[in-house]
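**Student:** Just dropping this structure here.
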Amino acid sequence: MVFKGKMQVKLQLGPVFPHVRTADVCFLERPTIDFSLKPVGGETLGFDIAHMPGLRTFILDTMHSIIGPMFYAPNHFTIDVEQIISGAVAHIPSAKGVLVIHMQSARGLPKMDTFGKADPYVRISTIKHPEISVRTRTIEKTLAPSWGETLVLLVYSKSDTIQFEVFDWNNVGKDDKIGFVNYPMQRLLEQPESEGNTMPIMMGETERGQLSFDMSYFPVSIRTTQAAAVDAEGNPLDPSAEAAAAAAQQEDVAEISDEPDVESNTGLLRLFVRSASNLATSPALARKLSVRAEAYINKTRVIECPEVKGTDAPSWEVGKEIFVPDRDCATIHLRLVNTANERTVGTLKLRIEDALAHQSGEAGSDWHALEGH
């Protein structure tokens with residue numbers, strides 16, 4: 001399908017890279033639309049059924065009636081560039097805080113295995129966001145495991161409850177749940193450093209051992225900057241008024257501070273795997289490609305993008321917020337795989353510092369050249 005016509009694009013500019021807030025797009029007149037329909041027979045035996053009398057006119061009239069109210073002047077289609085850049089299109093929630101858990105030990109666990117032992121591990125999540133979790137390693141054949149592990153969990157609601165679920169690992173079949181411990185976030189907000197916790201592991205009304213752990217909660221701070229404190233015309237805005245308006249619209253907001261930024265290597269990284277292009281050397285090969293993508297921070301896989309079939313320009317728009325303890329030592333590794341033969345189509349490896357500099361430089365761009373391509 002091909003469109004040909006005069007198009008108008010209006011940009012609303014802003015102070016922050018890429019300096020475009022919205023784009024209004026419309027056709028100034030009805031475009032010329034050309035298309036072909038070949039559902040049967042392929043290139044050799046197929047025929048264009050749009051040549052059937054009256055069918056092409058009917059299809060064109062239907063297309064114009066649908067597209068016109070959106071794209072034909074004086075109507076226009078608005079693209080929110082600011083939302084796309086910030087990740088709102090990918091629907092990535094923003095963490096309200098970072099919870100550091102030192103998982104110490106458990107004792108008095110019930111016998112779960114045939115030979116009177118258990119293979120326990122702990123999975124930690126929140127009740128509102130159970131899909132975001134971390135877990136300890138499994139310790140085999142014990143009723144009194146000692147993990148001594150430090151785990152990091154992102155918290156997305158200050159009114160949530162931290163849940164510790166204790167499981168017995170099984171080599172075959174589903175793991176057995178031993179019990180759980182709940183810890184309300186409100187207690188952490190009142191006392192961010194919570195040490196020496198020993199709480200009963202419950203399954204219904206029955207106590208099934210005790211769990212020992214320490215926790216520290218660090219709220220995420222949103223710092224106002226001069227660049228964000230002006231409107232599209234460059235007029236100064238009142239940061240406190242903006243913050244108050246945002247707080248009124250959100251039930252659960254991160255802390256807002258107008259103190260000077262403190263240099264830190266620890267923070268949250270919003271990583272997006274959006275799309276790729278020109279992965280094949282010819283159109284024929286492009287139609288045979290089926291590509292998935294994997295993103296790693298150091299050696300930990302943080303994003304898995306699903307397979308996109310029949311194109312050398314796959315689009316995923318998958319993102320995630322990741323806790324980075326030391327950005328100077330953190331490396332992003334991206335791998336694109338052809339699922340037809342599990343061969344690597346291309347790779348990208350760069351330091352987080354270099355990625356941020358590449359995006360925010362004078363010629364700032366989200367595109368990177370792949371290696372081995």
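**Student:** Where the centre of each part is set by its Cα atoms, how far does the stretch 105-158 sit from the stretch 258-323, in angstrom?
**Tutor:** Between the Cα centre of the stretch 105-158 and that of the stretch 258-323, the gap is 31 Å.
**Student:** Keeping all protein chains in position, work out how much accessible area Ser105 exposes to a 1.4 Å probe, and write it in Å² to the nearest 10.
**Tutor:** Accessible surface of Ser105 is approximately 40 Å².
**Student:** Considering amide H positions built from the backbone, and no H for Pro or chain starts, which residues 5 or more places from Asp175, or on another chain, come under 5 Å of its amide H?
**Tutor:** Excluding prolines and chain starts, which carry no amide H, the hits are Asn170.
**Student:** In nm, to one decimal, how far is the Met202 label point from the Met70 one, both placed 7 Å along Cα→Cβ?
**Tutor:** Output for this residue pair reads 5.1 nm.
**Student:** How much length would be gained if the chain were fully extended between Asn182 and Arg343, taking 0.36 nm per residue of separation minus their Cα-Cα distance, in nm to one decimal?
**Tutor:** The span from Asn182 to Arg343 would gain 53.5 nm if fully extended.
**Student:** Suppose R0 equals 45 Å; then what is the FRET efficiency for Phe3 and Leu268 from their Cβ-Cβ distance, rounded to the nearest 0.05?
**Tutor:** In this case the efficiency is close to 0.65.
**Student:** For Asp160, which sequence-distant residues (separation of 5 or more, or a different chain) have an amide H within less than 5 Å of its own amide H, given hydrogens modelled in the peptide plane?
**Tutor:** Distant-sequence amide H within range of Asp160: Met185.
**Student:** Can you tell me the dipole magnitude for the stretch 80-205 around its Cα centre, using point charges on the Cβ only (Lys, Arg +1; Asp, Glu -1), in Debye to the nearest 20?
**Tutor:** I would put it at about 280 debye.
**Student:** Follow-up. Using each residue's phi in the stretch 290-303, evaluate 6.51 cos²θ - 1.76 cosθ + 1.60 at θ = phi - 60° and report the 3J(HN,Hα) Karplus result to the nearest Hz, with x for Gly and Pro.
**Tutor:** Computed from phi, the couplings for the stretch 290-303 are 10, 10, 10, 9, 10, 10, 10, 10, 6, 10, 9, 6, 10, 9 Hz.
**Student:** Something else: Please list, in order along the stretch 309-325, the HN-Hα scalar couplings obtained from phi with the Karplus expression 6.51 cos²θ - 1.76 cosθ + 1.60 (θ = phi - 60°), rounded to whole Hz, x for Gly and Pro.
**Tutor:** Listing the rounded values in order: 9, x, 7, 9, 10, x, 10, 10, 6, 10, x, 7, 9, 10, 7, 10, x Hz.
**Student:** Find, among the GluC sites (Glu not before Pro) in the stretch 277-365, those assigned to loop by DSSP (not H, G, I, E, B) with at most 14 other beta-carbon atoms within 10 angstrom.
**Tutor:** The qualifying sites are Glu342, Glu362.
**Student:** Students often check this: by mean Cβ neighbours within 10 Å, which of 169-175, 209-215 ranks highest, and how do the rest follow?
**Tutor:** Listed from highest to lowest mean packing, they are 209-215, 169-175.
**Student:** Order the peptides 113-126, 183-196 from the highest to the lowest mean number of other Cβ atoms within 10 Å of their residues.
**Tutor:** 113-126, 183-196
The values are calculated or read from the model by the stated rules, or taken from the named source; none is laboratory data. In this text, all values refer to a predicted model and were calculated from it rather than measured experimentally. Note: ideal-geometry Cβ built from the backbone for every residue, glycine included; neighbour counts use all protein chains shown. Calculation scope for accessible area: heavy atoms of the full protein, side chains included, ligands and nucleic acids excluded. Shrake-Rupley method; radii C 1.70, N 1.55, O 1.52, S 1.80 Å.
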